[in-house]
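Notes follow once the structure below has been shown.
The values are calculated or read from the model by the stated rules, or taken from the named source; none is laboratory data. The shown structure was predicted, so the numbers you read here are calculated from the model rather than taken from an experiment. Every residue, glycine as well, gets a Cβ built from its backbone with ideal geometry; the counts of neighbours run over all protein chains shown. Just so you know, the surface numbers come from the protein's heavy atoms only, side chains and all, with ligands and any DNA or RNA stripped out. Shrake-Rupley method; radii C 1.70, N 1.55, O 1.52, S 1.80 Å.
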Amino acid sequence: MAKKAETINLIDTFSEFKETKNIDRATLMSVLEESFRNVIAKMFGSDENYDVIVNPDKGDFEIYRNRTVVADNEVKDPNFEIPLSEAREIDPDYEIDEEVSENVDFAKFGRRAILTLRQTLASKILELEHDSLYNKYKDKVGQVISAEVYQIWKKEILLVDDEGNELLLPKSEQIPGDFYHKGEAARAVVLRVDNTNNNPKIILSRTSPAFLQRLLEAEVPEINDGLITIKKIARMPGERAKVAVESYDDRIDPVGACVGVKGSRVHGIVHELHNENIDVINYTANTSLFITRALSPARVNSIHLNEEERKAEVYLDPDQVSLAIGKSGLNIKLASMLTEYTIDVFREVQGDETEDDDVYLDEFSNAIEPWIIDELKKIGMTTAKNVLNAPREILVQQADLEEETVDEVLRILREEFEE
């Protein structure tokens with residue numbers, strides 16, 4: 001009865017293994033054979049003289065041990081040699097030095113051997129599944145996939161693909177405003193595959209520029225066909241993005257093709273990205289022109305480049321400064337990310353603004369800390385009246401100063417003119 005139960009356990013083991021996903025037949029048979037040989041080697045010290053034949057489709061197997069016939073009193077290693085008398089019990093025609101091949105009942109090896117086999121197989125199954133998962137997703141890095149939300153945690157979301165593989169979407173890779181329920185489908189790009197100790201972790205992202213690029217490729221046929229190339233992307237996920245595109249066909253307007261009639265081609269993308277505004281601009285190798293376009297919708301008067309330090313001083317009319325900087329400095333940040341230049345904007349002072357009743361901020365260096373003056377100059381505030389005439393909110397947000405600091409600066413500047 002025990003032997004029958006052990007045989008059933010082995011057949012169950014085969015069934016479990018047979019249902020393992022993404023493992024081809026050749027690999028299946030090879031691993032099954034290797035697992036049997038590992039157990040045999042542990043029991044007898046060697047598996048060299050054993051033939052293992054497995055049939056995973058039927059869930060059965062055969063093991064044969066091959067031994068050389070020797071005289072009854074000359075057996076040195078019973079695993080490799082069989083005494084003549086024992087050989088002739090199998091077949092009376094055997095002679096010394098002949099090879100005897102006999103079927104081995106694995107169940108007679110005992111429960112311990114069967115348990116070892118199951119453990120070995122389970123380990124091999126897990127290893128193969130990990131290899132299969134890694135190989136599948138390492139080639140999908142940069143591709144957009146859709147998966148089902150399975151579990152939601154504070155720091156990450158666990159998703160499963162259509163084969164039941166687990167994928168992770170960390171909080172840092174989620175767009176602000178992302179909110180999912182269990183069972184919902186989520187789209188993201190495969191960011192990377194970590195494979196520490198052969199335990200692959202598939203990391204997804206919705207904040208990567210690659211996610212926006214793949215969405216554009218899917219929506220704009222000209223990009224997919226290679227007529228338009230996405231040169232660079234800068235994103236502040238969920239808020240705004242700038243995309244530089246280039247066309248190799250003079251008849252195609254790359255910006256118009258990407259945006260579509262009344263924004264039709266980016267509408268779905270904007271919705272997917274929680275109303276992330278997408279600015280599409282023409283790419284150019286001319287750095288000054290590229291920076292000018294990147295600062296759109298602001299109109300730039302002139303640019304002074306320091307190519308060695310990758311810095312740009314941009315000069316604009318006073319009414320264009322706030323447009324160049326954008327709300328919370330978003331426009332200038334994205335322009336810097338897109339062009340890979342540090343951009344400082346300066347207000348061009350007109351003739352009527354240089355009258356004697358105005359004072360340059362640098363003259364207040366004794367009363368106002370130099371770093372605060374530098375921050376104000378970065379947003380085009382070069383004189384006292386520039387600052388006093390600017391809305392307080394602009395000074396707080398765009399110069400990134402504390403409210404108390406702004407109030408103190410305004411107090412100092414007002415005192416100058418009150419005197």
So residue 68, is it open to solvent by less than 50 Å² (accessible area, probe 1.4 Å), closer than 17 Å to residue 46 by Cβ and outside any loop (DSSP other than H, G, I, E, B): no
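Residues checked against (1) within 17 Å of the chain's Cα centre (by Cα); (2) of a type in the set (S, T, N, Q):
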{"residue": "131", "(1), (2)": "no, no"}
{"residue": "135", "(1), (2)": "yes, yes"}
{"residue": "163", "(1), (2)": "no, no"}
{"residue": "167", "(1), (2)": "yes, no"}
Residue ranges of helices (runs of 4 or more DSSP H) in the range 307-419 with at least 1 members basic (Lys, Arg) and modelled with pLDDT of 90 or more: 330-339
Tally of residues being surrounded by 13 or more Cβ atoms within 10 Å (Cβ to Cβ) and under 50 Å from the mean Cα position of the chain (by Cα) across the range 401-419: 7
Residue match in the range 196-203 (condition: open to solvent by less than 60 Å² (accessible area, probe 1.4 Å), β-branched (Val, Ile, Thr), under 29 Å from residue 167 (Cα atoms) and part of a helix (DSSP H, G or I)): no
Within the range 276-288, tally of residues that are surrounded by 13 or more Cβ atoms within 10 Å (Cβ to Cβ) and part of a loop (DSSP other than H, G, I, E, B): 3
Residue in the range 146-154 that is hydrophobic (A, V, I, L, M, F, W, C), farther than 30 Å from residue 29 by Cα and in contact with a Phe, Trp or Tyr (Cβ under 8 Å, 6 or more places away or on another chain) present: yes
Among the residues listed as 163, 102, 148, the single one being under 30 Å from residue 210 (Cβ atoms) and touching a Lys or Arg at 6+ places or on another chain (Cβ under 7 Å): 163
Candidate set: the range 323-346, residues that are β-branched (Val, Ile, Thr) and open to solvent by less than 40 Å² (accessible area, probe 1.4 Å); chosen: the one nearest to residue 395 (Cα to Cα): 325
Considering residues of the range 378-400 that are out of contact with any Ser or Thr (no Cβ under 8 Å at 6 or more places or on another chain) and open to solvent by 70 Å² or more (accessible area, probe 1.4 Å) only, the residue farthest from residue 333 (Cα to Cα): 389
Residue list for the range 289-319, restricted to those being loosely packed, with under 15 Cβ neighbours inside 10 Å, in contact with a strand residue (DSSP E or B) (Cβ under 8 Å, 6 or more places away or on another chain) and farther than 27 Å from residue 390 by Cα: 306, 309, 310
Of all residues in the range 89-99 being modelled with pLDDT under 90 and not in a loop (DSSP other than H, G, I, E, B), the one that is least open to solvent (accessible area, probe 1.4 Å): 90
Residue check for residue 207: under 21 Å from residue 282 (Cβ atoms) and hydroxyl-bearing (Ser, Thr, Tyr): no
Unmet requirement for residue 79, which otherwise passes all of (1) open to solvent by 70 Å² or more (accessible area, probe 1.4 Å); (2) in contact with a Lys or Arg (Cβ under 9 Å, 6 or more places away or on another chain): (1)
Cβ pairs under 7 Å, 6+ apart, first in the range 174-193 and under 9 Å from residue 148 (Cα atoms), second aromatic (Phe, Trp, Tyr) and open to solvent by less than 50 Å² (accessible area, probe 1.4 Å): 186/180
